[in-house]
Amino acid sequence: MDYSHQPVMVQEVVSYLAPSPGDVIVDCTLGGAGHSRVIAAMIGPEGLLIGIDRDRRALQAASEALSDAPCRVNLVHGDYGDMESLLGELGHPAPNGVLFDFGVSSHQLDEVERGFTYREDAPLDMRMDQGMPLTAADIVNTASARDLETIISDYGEERWARRIARRITQERQMAPILTTGRLVQAVLAAIPSGAAAREGQHPARRTFQALRIAVNDELGSVRRGTEGAVRAAARGARIVALSYHSLEDRIVKELFRARERPCSCPPSLPECVCGRRRALEVITRRPVRPTEDEVLVNPRARSAKLRAAIKVLGPGEDE
């Protein structure tokens, strides 16, 4: 299977994840296994690589890519937001490292029939897990104008969200919006002439991003997955998160900060009495960005931000 996903910031990922021979590493967003192939070579025959992905096509491709991996491999179909319960079902030891690579993969964007791209006409789908019932077409054709505005504004950070939402509701009254092409036409009709050209990006980019996030509950998965990783990881484990959207990055940043400095006592108290224990040590005070050379080779890396932390408590010790 051709699953041509180019992994982002590979050297930075393995540097902060620091996998060692015999480690248990969880790749929560396996994709085409670009990061995992490098990790597999570092953890060796006694190591265990657990790969999670909600996209069955990605799992099939990853299985082929890792068929000669020099470590034990366990691939799991599921939402990385449920990683804690998935790990519990597997019964493996607490992981020594957890990797998240959020967002949509290059292959999903390039696979036109999946409906992620605004550049070609296709069914309006956008499901990462095609076994899930909700599609982008369902949202576009059933959500109220106010709910559409909220989705496009909050998840897409689109300044023209209200106009776009109104135009969508007008268009769907004539006929259901079932293709990416019709949605693009609605967006183009809603945005003032010249506004998108001044920004230098496709006018529908933010709307498509917002709908994709909503369809797949991506921000909910980011929140649940990173919180689950903090609880499940072994003492000394590294947690590494790659984000491509400001909302994803904010969730990770705020979680890391809260678990590093959990004390809720008033500053006037001479010592902590709340009993909340520090679970993480953040090792990236600022997000790590890709090099200019990488962005030239892989433009989709442009918005990437990497954050990393070390677990300083054992599993369950901060409960």
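Just a few scattered comments:
- Per-atom-type breakdown for region 250-319 gives carbon and sulfur 49% of the accessible area (1.4 Å probe, protein chains only).
- Remark on LEU280: its backbone amide H falls under 5 Å from those of GLU260, VAL312, a criterion applied only to residues 5 or more positions apart or on other chains, H modelled at 1.01 Å from N.
- Residues in region 218-249 reached by a label modelled at GLU281 [backbone nitrogen below 14 Å; 7 Å Cα→Cβ]: 235-239
- In range of the label at ARG56: residues from region 96-116 whose backbone nitrogen is under 16 Å from the point 7 Å along Cα→Cβ: 114
- Distance histogram in 20 Å bins (all Cα pairs of the chain, percent per bin): 31, 53, 16, 0
- Cα point-scatterer Debye curve for region 1-157, base-10 log of I(q)/I(0) at q = 0.10, 0.17 Å⁻¹: -0.42, -1.00
- Whole-Hz couplings from phi, Karplus 6.51/-1.76/1.60, listed for region 258-264; x for Gly and Pro: 5, 7, 8, 10, x, 4, 10
- Remark: region 84-94, residue by residue, has Karplus-estimated 3J(HN,Hα) of 5, 6, 4, 5, x, 5, 6, x, 7, x, 4 Hz, where x stands for each Gly or Pro and the curve is 6.51 cos²θ - 1.76 cosθ + 1.60 at θ = phi - 60°.
- Solvent-accessible ranking of SER105, SER144, SER268, largest area first, probe 1.4 Å: SER268, SER144, SER105
- Within region 72-102, backbone nitrogen closer than 19 Å to the virtual label 7 Å beyond the Cα of ASN298 toward Cβ: 98-102
- Shape index of region 168-264: Rg/Rh, with Rg the Cα radius of gyration and Rh the Kirkwood radius from the inverse mean 1/r over Cα pairs, equals 1.16.
- Karplus-derived 3J(HN,Hα) values for region 143-156, using 6.51 cos²θ - 1.76 cosθ + 1.60 with θ = phi - 60°, are 5, 5, 4, 5, 5, 4, 4, 4, 4, 5, 6, 6, 8, x Hz; glycine and proline are entered as x.
- Solvent-accessible area assigned to carbon and sulfur over region 11-50 amounts to 53 percent, based on a 1.4 Å probe.
- If you wrap the Cα atoms of region 135-199 in a convex hull and average its projected area over all directions, you get 4.2 nm².
- Ligands, DNA and RNA excluded, the heavy atoms of VAL26 present near 0 Å² of accessible surface to a 1.4 Å solvent probe.
- Lys, Arg +1 and Asp, Glu -1 on Cβ, resulting dipole of region 120-257 about Cα centre, debye, nearest 20: 400
- Within region 235-288, trypsin sites (Lys or Arg not before Pro) in DSSP loop having at most 16 other beta-carbon neighbours inside 10 Å: ARG235, ARG276, ARG277, ARG278, ARG285
- Dipole magnitude for region 182-302: computed about the Cα centre from +1 point charges on Lys and Arg Cβ and -1 point charges on Asp and Glu Cβ, it is near 240 debye.
- Modelled FRET efficiency - R0 35 Å, MET132 with CYS274, Cβ distances, 0.05 increments: 0.30
- Each Lys and Arg contributes +1 and each Asp and Glu -1, all at the Cβ; summed about the Cα centre of the chain, the dipole is approximately 1140 debye.
- Angle between the chain longest axis and helix 218-232 axis [Cα atoms, degrees, rounded to 10]: 10
- 0 to 90° range, to nearest 10: angle between helix 56-65 axis and the chain longest Cα axis: 50
- In region 268-319, Rg over Rh equals 1.26, where Rg is the alpha-carbon radius of gyration and Rh the Kirkwood radius from pairwise Cα distances.
- Among GLY228, THR207, TYR244 - extreme Cα towards positive end, dipole of region 194-265, charges at beta-carbon: GLY228
- Computed with a 1.4 Å probe over protein heavy atoms only, the accessible surface of the chain comes to 47 Å² per residue.
The values are calculated or read from the model by the stated rules, or taken from the named source; none is laboratory data. Just so we're clear, the structure is a prediction, and the values are computed from it rather than from any experiment. Methodologically, a virtual Cβ is constructed for each residue, glycine included, from the backbone with ideal geometry; neighbour enumeration extends over all protein chains shown. The area values use the complete protein model at the heavy-atom level, side chains included, leaving out ligands, DNA and RNA. Shrake-Rupley method; radii C 1.70, N 1.55, O 1.52, S 1.80 Å.
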